[in-house]
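Undergrad: A single structure is presented below for examination.
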């Protein structure tokens, strides 16, 4: 036991030291802090750390992977901008001829669409940059393509339609739901006497080309819808989180 003695020789009295707390001055505190900073071990003992386990997707358990997929899917529904996934070449595509929009058009990137109830897609700024390729895309005879001009119509909530301008008679021809004229005989009524006109075979070829266009535009809508739905599949989400090297906590949230 520590202490000190008072007096000399016999009768010495043992007086123990007290454990009184010393009040530190600001200088003492600064010096004490310097000592602690120079001694990392003392800081470790004083600090309390919260340890959070994190995982990459491929390192997570199957149960945690399911959580991650569902959490990320919810986030995509709320925040994802689908226009980023709709901006790609090849929406208008003739599969048999392997001719796409990028081969034929300029200004085809701007589009309006409704993937829900409206079910339409429009390309309001389409401009043909290669007439020969476009005639081939429509599977028209080259000779007919030389006497025919083309334009496009994007009205209301309908797919973009093609309009043919017959260079022989000067008539416009639109087929499908708003067909005008609605038959070859009707077309002939509008051809002025003495003017050249399409033959019945040529008229049928243009009608078939219109059907080909409508099929390609409808397929463009289908491709866009399928791509949208794919973004929320388990497979697409796995690809996304792995490619971005996200870290996840035990609740499946990105950290």
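The values are calculated or read from the model by the stated rules, or taken from the named source; none is laboratory data. None of the values given here were measured: they were computed from a predicted structure. Glycine gets a Cβ as well: all are built from the backbone with ideal geometry, and neighbour counts include every protein chain shown.
Undergrad: Restricting to segment 112-132, name every residue that is in a loop (DSSP other than H, G, I, E, B), under 20 Å from the mean Cα position of the chain (by Cα) and at negative phi.
TA: 115, 116, 123
Undergrad: Same structure again: Kindly indicate whether any position in segment 98-111 is in a strand (DSSP E or B), in contact (Cβ under 8 Å) with a residue 40 or more places away in the chain, under 24 Å from the mean Cα position of the chain (by Cα) and surrounded by fewer than 19 Cβ atoms within 10 Å (Cβ to Cβ). Break it down into steps so the answer makes sense when it comes.
TA: Keep residues of segment 98-111 that are in a strand (DSSP E or B), which gives 99-100, 105-106.
Pick out the ones that are also in contact (Cβ under 8 Å) with a residue 40 or more places away in the chain and you get none.
No.
Undergrad: The conditions are (1) surrounded by 14 or more Cβ atoms within 10 Å (Cβ to Cβ); (2) more than 24 Å from the chain's Cα centre (by Cα); (3) more than 22 Å from residue 101 (Cβ to Cβ); (4) without any contact (Cβ under 8 Å) to a residue 60 or more places away in the chain, and residue 205 fails exactly one of them. Which is it?
TA: (4)
Undergrad: Further question: Which members of segment 154-168 meet the condition of being surrounded by fewer than 18 Cβ atoms within 10 Å (Cβ to Cβ) and either in contact with a helix residue (DSSP H, G or I) (Cβ under 8 Å, 6 or more places away or on another chain) or closer than 26 Å to residue 196 by Cα (or both)?
TA: 163, 165, 167, 168
Undergrad: Residues that are modelled with pLDDT of 95 or more and touching a helix residue (DSSP H, G or I) at 6+ places or on another chain (Cβ under 9 Å): which helices (runs of 4 or more DSSP H) entirely in segment 180-255 hold 2 or more of them?
TA: Values: elements: 184-189, 200-230, 234-243.
Result: 200-230, 234-243.
Undergrad: Follow-up. Would you pick out the residues in segment 166-197 that are touching a strand residue (DSSP E or B) at 6+ places or on another chain (Cβ under 6 Å) and either outside the structural domain of residue 118 (by TED's automatic domain parsing) or within 24 Å of residue 111 (Cβ to Cβ) (or both)?
TA: 174
Undergrad: Looking at (1) assigned to a helix (DSSP H, G or I); (2) closer than 29 Å to residue 244 by Cβ, which is the only condition residue 135 fails?
TA: Only one criterion in (1) assigned to a helix (DSSP H, G or I); (2) closer than 29 Å to residue 244 by Cβ is unmet by residue 135, namely (2).
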